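Asker: Below is a structure I'd like to ask you about.
The values are calculated or read from the model by the stated rules, or taken from the named source; none is laboratory data. What you see is a predicted model, and the numbers here were worked out from it, not measured in a lab. Using ideal geometry, Cβ is built from the backbone for each residue, glycine included, and neighbour counts are taken over all protein chains shown. Accessible surface is based on the protein model in full, side chains and every heavy atom, while ligands, DNA and RNA are left aside. Shrake-Rupley method; radii C 1.70, N 1.55, O 1.52, S 1.80 Å.
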Amino acid sequence: MRIGIVSPYSFDVPGGVQNHIMDLAEALIDLGHEVSVLAPADDDAELPDYVVPAGRAVPLPYNGSVARITFGPLSTARVRRWLARGKFDVLHVHEPISPSLSFLAVLSARGPVVATFHTAMTRSRFLSAAQPFVQPVVEKITARIAVSELARKVHVEHLGGGAVEIPNGVAVAKFASAAPLPGWPGEGGALGFLGRFTEPRKGFPLLRTAYVTLARQRPGLRLLVAGPGDRDELFEEIPPELHDRVEFLGLVSEADKARMLRSVDVYVAPNTGGESFGMILTEAMAAGAAIAASDLDAFRRVLDGGRAGALFPNGDAVALTTLLGELLDDSPRRAELASCARTVVATFDWPSVANRVLEVYATAIEATDGRVFDDEWVDHGKGT
Amino acid sequence: MPGMWWVVGVVVLAAIFSAYLGWTAQRVERLHLRAQAAERALDAHLMRRAAAAAVVAEQGDSVELYAAARLALDAEPGDRESAENDLTRQLQGIELDPGDPAARTLIATSRRVVLARQVHTDLVRDALSARRRVLVRVLGLNRRHQRPEYFDIVEPTLPDLPPVVVPAPAHPAEGVLPTAPV
């Protein structure tokens with residue numbers, strides 16, 4: 001199948017949507033499809049060979065943050081040319097309801113259009129102001145995908161119409177085969193945390209309290225923290241005698257994230273709210289770490305009700321301390337959680353997610369011209 | 001000459017308005033054609049699901065499931081929705097064997113029914129809301145196309161079977177680093 005994918009955001013800056021698009025494109029190519037990705041980028045930027053640059057991205061304040069996007073007559077011409085040359089069987093746009101390449105592509109598209117909604121934006125000024133213009137664009141979208149339950153809900157409330165929920169994929173093989181950092185996890189046990197530790201919703205203070213208590217009883221226990229933030233700010237709150245047992249990696253690349261997750265005995269997700277899916281948990285599951293997570297709905301769903309990771313009551317530092325102590329002492333239990341996680345995470349593996357996306361493509365194509373495909377080319381469940 | 005500008009103005013307005021009419025007519029037609037295509041696709045996938053259910057029923061000697069599948073295949077348009085609902089209920093009540101290819105086909109066809117129904121519902125909604133527009137009604141554009149109907153069935157979701165797992169390597173090869181996409 002010939003598939004055209006449009007990214008609203010530039011690949012110059014890393015981001016969830018960009019990673020999603022690249023992983024999806026690669027998974028589709030591996031499944032034998034022809035994929036072209038149109039994205040804002042300079043003509044001389046270094047890009048994977050399936051990406052077609054659509055010109056420099058302009059920073060534009062949008063919905064409370066700055067989005068680097070491409071929009072305007074020149075971009076429209078490029079989008080049209082790309083569509084005409086590509087002769088795609090299906091066009092797959094991401095975040096089309098924003099002033100972006102995706103929006104332009106939907107406007108110019110004639111055939112089946114699939115749209116993926118990532119953010120759970122609750123209010124959009126662009127959307128409210130442009131409602132009469134947005135409607136014809138929304139009508140051109142044949143099938144919609146939401147990456148999380150929350151994104152789906154917001155989409156249904158704002159635009160009417162349903163969306164199929166297909167979660168973000170995770171490149172299981174990349175995580176499962178990463179090498180742990182030298183010397184980790186070590187004899188005394190290691191806990192891991194990834195995320196912005198200064199953000200209250202990520203729940204780092206809970207883990208800090210639990211770690212400080214546990215580290216005083218267990219002389220070898222170490223803590224590995226990765227994510228954006230200031231080193232001094234992290235260590236300020238940790239008793240000085242524990243400083244040499246806490247390692248801070250800062251913001252890590254995708255490859256280092258995989259290594260970091262392979263380096264710990266227990267990955268801790270103490271988030272107190274605001275998570276719609278729990279991408280990091282699927283990654284920790286792929287890396288084979290045992291997981292301790294707060295019992296948010298999203299986490300409970302991803303962790304298969306607690307079989308693929310231990311849950312503790314949200315916000316309860318004492319319960320977290322007890323749970324972590326138990327997990328650190330019980331290596332068979334950790335192994336059991338990790339092996340169950342490996343089974344669960346297979347549903348999130350990119351090849352199987354890409355197969356579900358292909359089913360949506362097929363549905364969109366059928367709904368556009370009434371052709372119904374044979375099942376052969378969307379082969380399911382081979383697990384390869 | 002103010003008179004001429006007046007005429008030019010009217011002509012321009014008329015041109016814009018007729019372009020808008022043409023665009024609206026095209027849009028209404030496109031929405032109806034899509035709703036019809038989606039209906040044909042949904043019909044085909046329902047047939048496939050019933051056929052797949054019949055195969056599973058034959059293997060498992062399940063008379064009730066076979067009868068439900070048969071009824072869904074043969075249902076007249078008026079009884080179709082309740083027949084499909086009956087089949088969904090039967091399917092949700094049975095235990096499927098993950099190793100059985102027929103069961104896997106059944107799960108796959110059910111998933112396609114869910115998708116086809118979702119898209120059909122969306123496209124019918126779009127077509128109906130276009131039909132309700134004042135301009136469309138005044139010009140009688142809605143009478144040129146048959147009114148699309150919702151296909152009102154319960155969500156035919158079946159639980160996914162556990163995927164076929166490829167065991168991950170227990171110990172990664174030392175020194176081999178994964179290449180990041182960024």
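Asker: Might you check whether a residue that is surrounded by fewer than 16 Cβ atoms within 10 Å (Cβ to Cβ) and in a helix (DSSP H, G or I) occurs anywhere in segment B:26-33? Lay out the reasoning, then the answer.
Answerer: Initial filter on segment B:26-33 (surrounded by fewer than 16 Cβ atoms within 10 Å (Cβ to Cβ)): B:26, B:29.
In the following step, the residues that additionally are in a helix (DSSP H, G or I) were identified as B:26, B:29.
Within segment B:26-33 (the criterion being surrounded by fewer than 16 Cβ atoms within 10 Å (Cβ to Cβ) and in a helix (DSSP H, G or I)), the answer is yes, since at least one residue qualifies.
Asker: Given (1) over 20 Å from A:GLY189 (Cβ atoms); (2) open to solvent by less than 60 Å² (accessible area, probe 1.4 Å), where does A:GLY288 come up short, assuming only one miss?
Answerer: Of everything listed in (1) over 20 Å from A:GLY189 (Cβ atoms); (2) open to solvent by less than 60 Å² (accessible area, probe 1.4 Å), A:GLY288 misses just condition (1).
Asker: Going through A:LEU261, A:LEU251 one at a time, which residue ends up being surrounded by fewer than 21 Cβ atoms within 10 Å (Cβ to Cβ) and closer than 27 Å to A:VAL170 by Cβ? Can you show your working first?
Answerer: Details: A:LEU261 fails: surrounded by fewer than 21 Cβ atoms within 10 Å (Cβ to Cβ).
One residue alone meets the criteria, A:LEU251.
Asker: If you don't mind, another one. Looking for something open to solvent by 20 Å² or more (accessible area, probe 1.4 Å), basic (Lys, Arg) and modelled with pLDDT of 80 or more - is there at least one such residue anywhere in segment A:58-70?
Answerer: Just the residues of segment A:58-70 that are open to solvent by 20 Å² or more (accessible area, probe 1.4 Å), to begin with: A:58-66, A:68.
Still in the running and basic (Lys, Arg): A:68.
Within this subset, residues satisfying the condition of being modelled with pLDDT of 80 or more are none.
Checked segment A:58-70: no residue is open to solvent by 20 Å² or more (accessible area, probe 1.4 Å), basic (Lys, Arg) and modelled with pLDDT of 80 or more.
Asker: Can you tell me how many residues in segment A:121-152 are away from chain B (no Cβ under 14 Å) and either modelled with pLDDT under 65 or farther than 19 Å from A:GLU165 by Cα (or both)?
Answerer: 10
Asker: Residues A:GLY4, A:GLY15: which one is more than 23 Å from A:LYS87 (Cβ to Cβ) and not polar (S, T, N, Q)? Reasoning before the result, please.
Answerer: On the way: A:GLY4 fails: more than 23 Å from A:LYS87 (Cβ to Cβ).
Exactly one of A:GLY4, A:GLY15 is more than 23 Å from A:LYS87 (Cβ to Cβ) and not polar (S, T, N, Q), namely A:GLY15.
Asker: I need the full set of residues from segment B:126-164 which are within 12 Å of another protein chain (Cβ to nearest Cβ), surrounded by 18 or more Cβ atoms within 10 Å (Cβ to Cβ) and assigned to a helix (DSSP H, G or I), in order please.
Answerer: If the condition is that a residue be within 12 Å of another protein chain (Cβ to nearest Cβ), surrounded by 18 or more Cβ atoms within 10 Å (Cβ to Cβ) and assigned to a helix (DSSP H, G or I), then B:ASP126, B:ALA127, B:ALA130 are the ones that fit.
Asker: Taking the criterion of being more than 23 Å from A:ALA364 (Cα to Cα), of a type outside the set (Val, Ile, Thr) and surrounded by fewer than 18 Cβ atoms within 10 Å (Cβ to Cβ), would at least one residue in segment B:41-58 satisfy it?
Answerer: Going through segment B:41-58, the residues more than 23 Å from A:ALA364 (Cα to Cα) turn out to be B:53-58.
Now narrow it down to the ones that are of a type outside the set (Val, Ile, Thr): B:53-54, B:57-58.
Narrowing further to those that are surrounded by fewer than 18 Cβ atoms within 10 Å (Cβ to Cβ): B:58.
Looking through segment B:41-58, at least one residue is more than 23 Å from A:ALA364 (Cα to Cα), of a type outside the set (Val, Ile, Thr) and surrounded by fewer than 18 Cβ atoms within 10 Å (Cβ to Cβ).
Asker: Scan segment A:155-179 for residues that are within 19 Å of B:VAL119 (Cβ to Cβ) and modelled with pLDDT of 85 or more and jot them down.
Answerer: At the first step, the residues of segment A:155-179 found to be within 19 Å of B:VAL119 (Cβ to Cβ) are A:155-156, A:158-166.
Scanning segment A:155-179 gives a single hit, A:ILE166.
Asker: Are any residues in segment B:64-77 open to solvent by less than 70 Å² (accessible area, probe 1.4 Å) and assigned to a helix (DSSP H, G or I), and if so, which ones? Don't jump to the end; show me each part of the working.
Answerer: Step one: filter segment B:64-77 for residues open to solvent by less than 70 Å² (accessible area, probe 1.4 Å), giving B:65, B:67-69, B:72-73, B:75.
Across segment B:64-77, the qualifying residues are B:LEU65, B:ALA67, B:ALA68, B:ALA69, B:ALA72, B:LEU73.
Asker: Note down all Cβ pairs under 8 Å where the first residue falls in segment A:74-87 and is part of a helix (DSSP H, G or I), the second is loosely packed, with under 14 Cβ neighbours inside 10 Å and not β-branched (Val, Ile, Thr), and they're at least six residues apart or on different chains.
Answerer: Pairs that qualify, where the first residue is part of a helix (DSSP H, G or I) and the partner is loosely packed, with under 14 Cβ neighbours inside 10 Å and not β-branched (Val, Ile, Thr), are A:GLY86/A:ARG2.
Asker: Please go through segment A:158-181 and give me each residue that is part of a loop (DSSP other than H, G, I, E, B) and over 11 Å from A:ARG262 (Cα atoms), ordered by number.
Answerer: Just the residues of segment A:158-181 that are part of a loop (DSSP other than H, G, I, E, B), to begin with: A:160-163, A:166-169, A:171, A:177-181.
Within segment A:158-181, A:GLY160, A:GLY161, A:GLY162, A:ALA163, A:ILE166, A:PRO167, A:ASN168, A:GLY169, A:ALA171 meet the criteria.
Asker: While we're on this one: It is to be established whether one or more residues within segment B:93-111 are open to solvent by less than 50 Å² (accessible area, probe 1.4 Å) and more than 14 Å from chain A (Cβ to nearest Cβ). It would help to see each step written out before you state the result.
Answerer: Of segment B:93-111, the ones open to solvent by less than 50 Å² (accessible area, probe 1.4 Å) are B:96, B:100, B:102-103, B:106-110.
Among the residues that remain, those that are also more than 14 Å from chain A (Cβ to nearest Cβ) are: none.
No - not one qualifying residue is present in segment B:93-111.
Asker: Name the residues in segment B:5-30 that are small (Gly, Ala, Ser) and touching a residue at least 24 places away in the same chain (Cβ under 8 Å), would you? Show your work before the answer.
Answerer: Step one: filter segment B:5-30 for residues small (Gly, Ala, Ser), giving B:9, B:14-15, B:18-19, B:22, B:25.
Hit for segment B:5-30 is B:ALA25, nothing else.
Asker: Would you mention how many residues in segment A:18-51 are in a helix (DSSP H, G or I) and either more than 18 Å from A:THR116 (Cα to Cα) or open to solvent by 20 Å² or more (accessible area, probe 1.4 Å) (or both)? Steps first, answer last, please.
Answerer: Going through segment A:18-51, the residues in a helix (DSSP H, G or I) turn out to be A:18-30.
Add one more test, that the residue is either more than 18 Å from A:THR116 (Cα to Cα) or open to solvent by 20 Å² or more (accessible area, probe 1.4 Å) (or both), and what stays is A:19, A:23, A:26, A:29-30.
Residues that pass the stated criteria total 5.
Asker: Kindly provide the set of residues from segment A:208-237 that are crowded, with 17+ Cβ neighbours inside 10 Å and either under 27 Å from A:GLU254 (Cα atoms) or not assigned by TED's automatic domain parsing to the domain that holds A:GLY186 (or both), ordered by number.
Answerer: Listed by number, the residues that qualify are A:ARG208, A:TYR211, A:LEU221, A:ARG222, A:LEU223, A:LEU224, A:VAL225, A:ALA226, A:GLY227, A:GLY229, A:LEU234.
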